[in-house]
Amino acid sequence: MEIFEHIYYGFGVVLQPANLVFAFLGAVAGTLVGVLPGLGPTAAMSMLLPVTFGMSPTGALIMLAGIYYGAQYGGSTTSILVNIPGEAASVVTCLDGYQMARQGRAGPALGIAAFSSFIAGTIGVLGLSFLAPPLVDAALTFGPPEYFALMCLGLTILTFLAHGSMLKALIMAILGLFVGTIGIDPVEGAQRFTFERPELMEGIGLVPIAMGMFGISEILLNIEKKIKINIFEAKLKGFLPNLQDWRNSLGAILRGTGIGFFLGILPGGGAVISSFASYAIEKRVSKHPEKFGSGVIEGVAAPEAANNAAAQGAFIPMMTLGIPSNVVMALLLGALMIHGITPGPLLMSQHPDIFWGLVTSMYLGNAMLLILNLPLIPLWVKLLKVPYHILFPFILLFCLIGVYTINNNVFDIYLMILFGIFGYVARKFDFESAPFILAVVLGPMMEKALRQSLIMSKGHFSIFATRPISGVIWGIAILLLVLPLFINVSRRAKIVRVDDRK
Amino acid sequence: MKKADQWSALFLVFLSAFICWGSSLLPYGNIHDPGPGFLPVWLGIILGAMSLGLILKTTMEKGSRPLKNLLEEEVRWGRVLLVLIALFLFAYLLDIAGFVITTFILLASLLRFVYPQPWKTVIGWALAGSGVSYFIFEVWMKLRLPKGFLGI
């Protein structure tokens, strides 16, 4: 079968020593980021983006992807031992994981978290390998109207699933689209909102925005209040779950994988939502739902499987359509574009080394993480004890060096600080950063697709409705926009309100 | 105008007015062939409409958070301000004083003033931080960092 030839080719790429090292570094950095509270995968990826500029595009993507799925692994450690999720997708793991730790079962909880992450991650990668090629064939028939509709749907879903007010999320998306228009107009070459500053001619780079809004603003939010971490001091032993644990968890792992993978593919979906959804479904199908929250192993296995499968599923729209389904994928897309590569249906045929190299790096990355996670847990626990007042100046320094070295220009530092202040104030007023960043990345592509569509249709907006695929996508987007007017969304908001609270 | 969201929405109304004004200076084109001003002007209009909608929604909503609550939250504003001053100072001094000195000043000021540490700890971490980062980024990774008046 052709698919196996592709996978074989991918292994040839990833087994090159440099790429193996990048996969390893990414997995370790991701686990570290996942472990440390107050530093999410998005912040870490934006901080490490400049480091990848000197690498090959394949190496850069392999490392950044490693950070992403590594963070899903690492996040479980802090959830279980400290009751503080290292990153948002591990919030649910706290519920039963911490209770298991309190009952002296921290080892099996950490063990099942690592194993379910590994199983889900591996199944997710298999799904990605098999689903991507047919999707690419379908995407080759897409024209500018379909792309414009898909990008609008992505932004709509992201705002629909926003933590709080959908109106505020939409405002942030519009602001992001506006920031995306700054610079020289791609069609006519006119300067837009550049204030005659040469640094703004090529637009505002993704790195100062992402580092400011996720790195700097997160630190400002952390230092404004006191962070106190109580680490569970019980001796950690016996990471291997027993037979009964496996019996209880296997169904949960498989269900979590399915849910996570499916939700990960959807634009706007992702690891956070899928972990909550899988926990809710597991509770519903359980014979003893009343025990959830008191330390049942399924309550750890399902969300951990779901968030890892979602991390793999999210690569599908980005790699096949060139449309990021969440903010992490937007950063990966930005990284590829910085290397002069536009993801989309042609990526697989034009750059098979990047596509299949990345896919197979995830097989290896998942195995590395399993090997890494279990023996290194005591080390991660020690790291948790590094006081934040020592840690944060170095995180800031890393941001500053990273952003400066992109263009060797102090202007980028000022931009990062300004976006940091903007992100901080926005979060104080409950405006989310994710729709803003996604819109900044999608903005130029959306504008191009819109203008091309209007030129194609000689100015008739009906082109978006009369083409079947575009029409259906717009139908879904409009439905999602109108839906909140008719239903009470407060329960949904409560479920997903996790990320910015960290 | 006592609610937090009324103030944020009001700011956004002004911002949308600015976007519309700035976009109006650019060629709009026409619907058959949109110009560079087409998208920004519509984004400005939509932003303005949404912001007015937010003002209206907040005014009518009973449970909306008052601005006073936001300002009176238990927040250490001093720390936030100190970090921002240190960051701006870093950006300002980087080309003048060079990477090593600026990094030392940044780390020392953050360690000493944000969560006050003993001078011994401050100097130790700041020296180690600026030295190790210089070695990693300048010597090992060969990134071009500013030298400043001392040449380091």
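Each value in this text was obtained by applying a stated rule to the coordinates, not by laboratory testing. None of the values given here were measured: they were computed from a predicted structure. Positions of Cβ are generated from backbone atoms using ideal geometry, with glycine treated the same way; all protein chains shown enter the neighbour counts.
Which residues among region B:3-30 fall inside the zone where the amide N is under 12 Å from a point 7 Å beyond the Cα of A:ALA190, along Cα→Cβ?
Residues B:22-30 fall inside that zone.
Looking at the protein assembly as shown, what % of the alpha carbon pairs are farther apart than 42 Å?
23 percent
Give the residue list of trypsin sites (Lys or Arg not before Pro) in region A:420-464 that are DSSP loop and have at most 15 other beta-carbon atoms within 10 angstrom.
A:LYS458
Calculated FRET efficiency, A:PHE461 and A:HIS288, Cβ-Cβ r, R0 56 Å, to nearest 0.05?
Taking R0 as 56 Å, the efficiency between A:PHE461 and A:HIS288 is 0.55.
If you fit an axis through the alpha-carbon atoms of helix A:106-139 and take the longest principal axis of the Cα set of chain A, what angle between them do you get, 0 to 90°, nearest 10?
For A:106-139 against chain A, the angle is about 30 degrees.
Once both axes come from the Cα atoms, what is the angle between helix A:388-407 and the longest principal axis of chain A, in degrees from 0 to 90, rounded to 10?
Result, in degrees: 30.
Okay, helix-only estimate at 222 nm for chain A: each DSSP H run of n ≥ 4 adds -39500 (n - 2.57), divide by all residues, round to 500 deg cm²/dmol; what do you get?
-23500 deg cm²/dmol
With a 10 Å Cβ neighbour count serving as the proxy for reagent exposure, in which order, fewest first, do A:ASP137, A:ASP412, B:ASP33 appear?
In order of increasing Cβ crowding within 10 Å: A:ASP137, B:ASP33, A:ASP412.
Please compute, for peptide A:419-426, the average count of beta-carbon atoms on other protein chains lying within 10 Å of each residue's beta-carbon.
For peptide A:419-426, the averaged partner shielding equals 1.
Using just the helices of chain B, give the 222 nm mean residue ellipticity in deg cm²/dmol: DSSP H runs with n ≥ 4 each add -39,500 (n - 2.57), and the total is spread over all residues, rounded to 500.
Taking each H run of at least 4 residues, the total per residue is -21500 deg cm²/dmol.
Defining a contact as two alpha carbons under 8 Å apart and six or more residues distant in sequence, what relative contact order in percent does chain A show?
Relative contact order, chain A: 28 percent.
Output wanted: per-residue J couplings in Hz (rounded whole) for region A:272-283, from phi through Karplus 6.51 cos²θ - 1.76 cosθ + 1.60, θ = phi - 60°, x for Gly and Pro.
Karplus-based 3J(HN,Hα) across region A:272-283 equals 5, 5, 5, 5, 5, 4, 5, 5, 4, 5, 4, 5 Hz.
Once amide H atoms are built 1.01 Å from N in the peptide plane, which residues 5 or more positions from B:LYS3, or in another chain, come under 5 Å H to H?
So B:LYS3 has HN proximity to B:LEU67.
Rounded if a/c is under 1.5, else prolate if a/b beats b/c, else oblate: with a ≥ b ≥ c from the C-alpha gyration tensor eigenvalues square-rooted, which is region B:13-152?
Taking the square roots of the gyration eigenvalues as a ≥ b ≥ c, region B:13-152 is oblate.
In debye, nearest 20: dipole of region B:4-72 around its Cα centre with unit charges on the Cβ of K, R (+) and D, E (-)?
220 debye
Charges only on Cβ, +1 for Lys and Arg, -1 for Asp and Glu: so what's the dipole of chain A about the Cα centre, in debye to the nearest 20?
The calculation lands at about 1580 debye.
Give a residue-ordered list of calculated ³J(HN,Hα) values for region A:452-457 (Karplus: 6.51 cos²θ - 1.76 cosθ + 1.60, θ = phi - 60°; whole Hz; x for Gly, Pro).
Once rounded to whole Hz, the list reads 5, 5, 5, 5, 4, 8.
Sorted from fewest to most neighbouring beta carbons within 10 Å, what does the list A:PHE464, B:PHE88, A:PHE431 look like?
Least crowded to most crowded, the residues run B:PHE88, A:PHE464, A:PHE431.
Hey, what angle do you get for helix A:57-82 against the long axis of chain A, alpha-carbon based, 0 to 90 degrees rounded to 10?
Computed tilt is about 40 degrees.
What residue among B:LEU25, B:LEU56, B:LEU67 has the largest mean-square fluctuation in a Gaussian network model of chain B, using Cα springs under 10 Å?
Looking only at B:LEU25, B:LEU56, B:LEU67, the largest GNM fluctuation is found for B:LEU25.
Compute the distance in nm between two label points, each set 7 Å from the Cα along the Cα-to-Cβ direction, one at B:VAL132 and one at A:ALA367.
3.3 nm
Once amide H atoms are placed 1.01 Å from N in the peptide plane, what residues at a sequence separation of 5 or more from A:ARG192, or on another chain, have their amide H within under 5 Å of its amide H?
For A:ARG192, whose amide H was placed from the backbone, the distant partners under 5 Å are A:GLY183, A:ILE184, A:ASP185.
Report the calculated FRET efficiency for A:GLN16 and A:ILE469 (r = Cβ-Cβ distance, R0 = 60 Å), to the nearest 0.05.
0.95
So for B:THR102, A:THR342, A:THR320, fewest C-beta neighbours within 10 Å to most, what's the order?
Least to most surrounded, the residues fall as A:THR342, B:THR102, A:THR320.
Tabulate in residue order the Karplus-calculated ³J(HN,Hα) for region A:420-429, using 6.51 cos²θ - 1.76 cosθ + 1.60 with θ = phi - 60°, rounded to whole Hz; enter x for Gly and Pro.
Calculated HN-Hα couplings, in order: x, 5, 4, x, 5, 5, 4, 5, 5, 8 Hz.
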